[in-house]
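This report refers to the structure that appears directly beneath it.
The values are calculated or read from the model by the stated rules, or taken from the named source; none is laboratory data. Quantities reported herein were computed from a predicted structural model and do not represent experimental measurements. Backbone-built Cβ (ideal geometry, glycine too); neighbour counts: all protein chains shown. Surface accessibility is based on the protein's heavy atoms, side chains included, excluding ligands, DNA and RNA. Shrake-Rupley method; radii C 1.70, N 1.55, O 1.52, S 1.80 Å.
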Amino acid sequence: MDLNDAASSADETAVRAAGDLRVLIGRLRRRLKELDPPDGLTPTQLSVLSRLDSDGPASPGALATAERVRPQSMGATLAHLEERGLIERRPDADDGRRQVVSLTPQGDEGIQDSRRQRTEWLARTFQDRFTSAELATVTEALTLLGRLTCP
């Protein structure tokens, strides 16, 4: 095998790995979403709550940009979340014309419960389906896969 054949084989392997990982992540995401309580929240609403939890308070415009939706759509999403007592809006301390959106204690509790349930399911599934050696391999692979999101 010459260098061109080796490079071509590595390219094919990378393409196959990328496709397999994309499919696996999609399946895992759907399975984890099934664990969320049937509270009537849409994926966008859940995503906004999660973003507020991880990134902290934000303006409606910043949330719309981050979620890649129109400001009007974000307004409807925020209105529903506010109605349910999951978020609150306050005037921006730096610019009173703007609003800042943050989680309420109820919203924070809901997000934490949801994450805890998904983490517990995943941990149990690892324990039930993997040997210690396999789990060590998965942990090692996760470390390597973490480089996909590093600049």
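Numbers at a glance
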quantity	calculated
Other-chain or far-sequence residues with amide H under 5 Å of VAL100's (modelled H)	ARG90, ASP92
Computed label-point distance, nm, for sites ARG118 and ALA17 using a 7 Å Cα→Cβ extension	2.5
Pairwise centroid distance, computed over Cα atoms, of region 9-40 with region 74-113, Å	30
Within the chain, helix-based [θ] at 222 nm, where runs of 4 or more DSSP H residues each add -39,500 (n - 2.57), nearest 500	-23500 deg cm²/dmol
Label-to-label distance, nm, for residues given as GLU109 and ARG31 (7 Å Cα→Cβ offset)	3.1
Shape call, region 37-78: gyration tensor on alpha carbons, a/c limit 1.5	oblate
Distance in nm between pseudo-label sites at SER132 and LEU145 (7 Å out along the Cβ direction from Cα)	2.4
Radius ratio Rg over Rh of region 14-87, counting only Cα atoms, Kirkwood formula for Rh	1.07
Rounded accessible area per residue of the chain, 1.4 Å, Å²	72
Region 95-151: C-alpha gyration tensor shape, a/c 1.5 cut-off, then a/b vs b/c	oblate
Label of the coordinate-derived value, mean projected area of the Cα convex hull in nm², listed as (i) 16.9; (ii) 13.2; (iii) 10.3	(ii)
Relative contact order for region 1-129, counting Cα pairs under 8 Å that sit 6 or more residues apart, in percent	23
